[in-house]
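Reviewing the structure listed below.
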């Protein structure tokens, strides 16, 4: 019996089903490998650190001399400077027409975010695409730049592995027991591949594989790839080496051996696809370095390395985005002195996206650091009863704020306006508490840096919180109720055990307070869950196009002109979508997929109302279209918000019969929409 047209018969269905399962398995394989590595890393860290106290780690940090820290800072600057060669060589190879200064900026942004977010291939590609696209680089060339940078990394890795196999094979576990000729052969094979990569373009510049054409770079560029990547990884390893090599004396570990350990740890963290290789990188370093260094020394070195290579560059990137935004906002003031500021709205949109990522990550890290600081830092001396109450209350409040900052960062990641306001308030209170505690100036500097990243991008956080829509939802009330019950249980245990005034420290450190420790941890988890449910983005709803909606829309600026053409073509809106302030809105109608492949949400007349709020209305319109599973299109007069539409992947098409009117949509939907709308 013949199967219907387009349907496979039974004989063909099994291979197709097997192929589909294989593709799904291969798609999920990286995540599964990362999960296995993360679980293994957690077990290793728990085994190594279960007998380690925080005081030992703090002692290891204090043992690092200032000269070692300055050397590590210099190695960090050198490492990020070398990273600029990745994109610089790539742009030169594909002839993108991008200056070295701009390519260095892209390299810094992409690697800072990919280092801290994990999943480097995805996050680094997104950053490069947004920035290079804003500067007019075609998509095919951006893909070539991304591939070039990935190849550059692995070429350097191959060169360093070959060098280690030839120079110091005895430092690598499982390799030190092999015969010397095996390691020599492996090292020679690595360098043979590199030599072929450099010399092959002299004979053949292109290789055809199926429908793909691979174009090799010039031998000078290929050599630059290898040298820059090897220098970059060596400089990055030098950051940790500058710190670790100064801790214990008489260590027999050389930099070449340490470089082999670092490459293995970094590669394991890269394969795990977790932010910063967290846990996987640390456990690998702990296992490999334990024969030469004590565990407190290793942990101290890893903490300093993460501070230099991950946290400080992340804050610096956020400060760059915030500084550029403030510079643009100060354009009217600069114009009085004869200076003009040129900027691209799409570039500002990209920087706002990156600043959101930076703010989310840095605030979450800051929250964890604040909790640790509140538990470990000594309190100032008490001069009276009331000063004791004030200082102890401030210390306990600091722990609560630390947990809250971690929870609020989840709301920041979804661009919720309430999360932004609460974060600014919590950080401001943190500054007051640090003043009361007479904290070190570095603590103030870190909090101010996070505030500096948050404040200029107020309009980036435009979404409404779920708590504002459903304030009495059980998903919100239940976690917060359990949080308060947990704090009450901790207080009761503290009174029963007579733990004294600073009872939360005893709860963490003393062995006889294990039950209270579970209460304290459970309360923190409930607080995080409550903040997550309360500050997640709310579902958007259209206001039906009734008399109230029409009156509200008619009161907005430019509303009459916006609906002039749609009314002539007898289009009636289904509803109205306002921005968070209610000062701007969009009238929309939903088009069914008749001539279109997908349903389309058509905005009639574009965003109207206060000019400063129209961008927020457009962003909310895009959110609603995504929420409803629709493609977005706009019929409007004038080319307003063109850069914002371009960041959505939409194009502006001028309507010939209606002067001054534009249809904003995907290029592939233009002809179908024009026919459907009768334009």
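The values are calculated or read from the model by the stated rules, or taken from the named source; none is laboratory data. Everything numeric here is computed off the predicted structure, so don't read it as measured data. As a convention, Cβ positions derive from the backbone with ideal geometry for all residues, glycine included, and neighbour counts pool all protein chains shown.
Given the residues 301, 276, which is the only one that is in a helix (DSSP H, G or I) and modelled with pLDDT of 80 or more?
301 is the lone residue from the list that is in a helix (DSSP H, G or I) and modelled with pLDDT of 80 or more.
Just one of the numbered conditions (1) in contact with a helix residue (DSSP H, G or I) (Cβ under 8 Å, 6 or more places away or on another chain); (2) modelled with pLDDT of 80 or more; (3) surrounded by fewer than 16 Cβ atoms within 10 Å (Cβ to Cβ) is not true of residue 242; which one?
So residue 242 meets the others, but not (3).
Go through (1) under 21 Å from residue 281 (Cβ atoms); (2) not in a helix (DSSP H, G or I) and name the single condition residue 114 misses.
(2)
Yes/no per residue for (1) within 25 Å of residue 386 (Cα to Cα); (2) at pLDDT 85 or above; (3) buried (at least 16 other Cβ atoms within 10 Å of the Cβ):
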| residue | (1), (2), (3) |
| --- | --- |
| 490 | yes, no, yes |
| 498 | yes, no, no |
| 531 | no, yes, yes |
| 534 | no, yes, yes |
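Within the stretch 126-148, identify whether any single residue is within 30 Å of residue 279 (Cβ to Cβ), buried (at least 18 other Cβ atoms within 10 Å of the Cβ) and at pLDDT 85 or above, and answer yes or no.
Yes.
If residue 442 satisfies every condition in (1) closer than 19 Å to residue 311 by Cβ; (2) in contact with a helix residue (DSSP H, G or I) (Cβ under 6 Å, 6 or more places away or on another chain) but one, which is the exception?
(2) is the only condition that residue 442 fails.
List the strands (runs of 3 or more DSSP E) that sit entirely inside the stretch 546-645 and contain at least 2 residues that are crowded, with 22+ Cβ neighbours inside 10 Å and out of contact with any strand residue (DSSP E or B) (no Cβ under 6 Å at 6 or more places or on another chain).
none
Quick grid of which residues meet (1) touching a helix residue (DSSP H, G or I) at 6+ places or on another chain (Cβ under 7 Å); (2) within 26 Å of residue 523 (Cα to Cα); (3) modelled with pLDDT under 85:
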{"residue": "392", "(1), (2), (3)": "no, yes, yes"}
{"residue": "401", "(1), (2), (3)": "yes, yes, no"}
{"residue": "407", "(1), (2), (3)": "yes, yes, no"}
{"residue": "435", "(1), (2), (3)": "no, no, no"}
{"residue": "452", "(1), (2), (3)": "yes, no, no"}
{"residue": "456", "(1), (2), (3)": "yes, no, yes"}
{"residue": "475", "(1), (2), (3)": "yes, yes, yes"}
{"residue": "480", "(1), (2), (3)": "yes, yes, yes"}
{"residue": "483", "(1), (2), (3)": "yes, yes, yes"}
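In this structure, is residue 270 modelled with pLDDT of 60 or more and part of a helix (DSSP H, G or I)? It would help to see each step written out before you state the result.
Numbers: modelled with pLDDT of 60 or more: yes; part of a helix (DSSP H, G or I): yes.
Spelling it out, residue 270 is indeed modelled with pLDDT of 60 or more and part of a helix (DSSP H, G or I).
Pull up the stretch 654-669, narrow it to residues that are over 34 Å from the mean Cα position of the chain (by Cα) and modelled with pLDDT of 85 or more, then point me to the one that is nearest to residue 591 (Cα to Cα).
So the residue we want is 662.
Suppose the filter is in a strand (DSSP E or B) and surrounded by 18 or more Cβ atoms within 10 Å (Cβ to Cβ); does residue 652 pass it? If you could, list the steps in order and put the result at the bottom.
Working: in a strand (DSSP E or B): yes; surrounded by 18 or more Cβ atoms within 10 Å (Cβ to Cβ): no.
Considered against the rule, which asks whether it is in a strand (DSSP E or B) and surrounded by 18 or more Cβ atoms within 10 Å (Cβ to Cβ), residue 652 comes out as no.
Can you find a residue in the stretch 318-339 that is at pLDDT 75 or above, under 24 Å from residue 62 (Cα atoms) and either outside the structural domain of residue 407 (by TED's automatic domain parsing) or surrounded by 20 or more Cβ atoms within 10 Å (Cβ to Cβ) (or both)? Walk me through it before giving the result.
First, pick out the residues of the stretch 318-339 that are at pLDDT 75 or above: 318-320.
Now restrict to residues that are under 24 Å from residue 62 (Cα atoms): none.
Looking for residues that are at pLDDT 75 or above, under 24 Å from residue 62 (Cα atoms) and either outside the structural domain of residue 407 (by TED's automatic domain parsing) or surrounded by 20 or more Cβ atoms within 10 Å (Cβ to Cβ) (or both), one finds none in the stretch 318-339, hence no.
Just one of (1) surrounded by fewer than 16 Cβ atoms within 10 Å (Cβ to Cβ); (2) not assigned by TED's automatic domain parsing to the domain that holds residue 361 trips up residue 480, so point out which.
So the condition that residue 480 fails would be (1).
If a residue has to be crowded, with 18+ Cβ neighbours inside 10 Å and at pLDDT 75 or above to count, how many in the stretch 341-371 make the cut?
15
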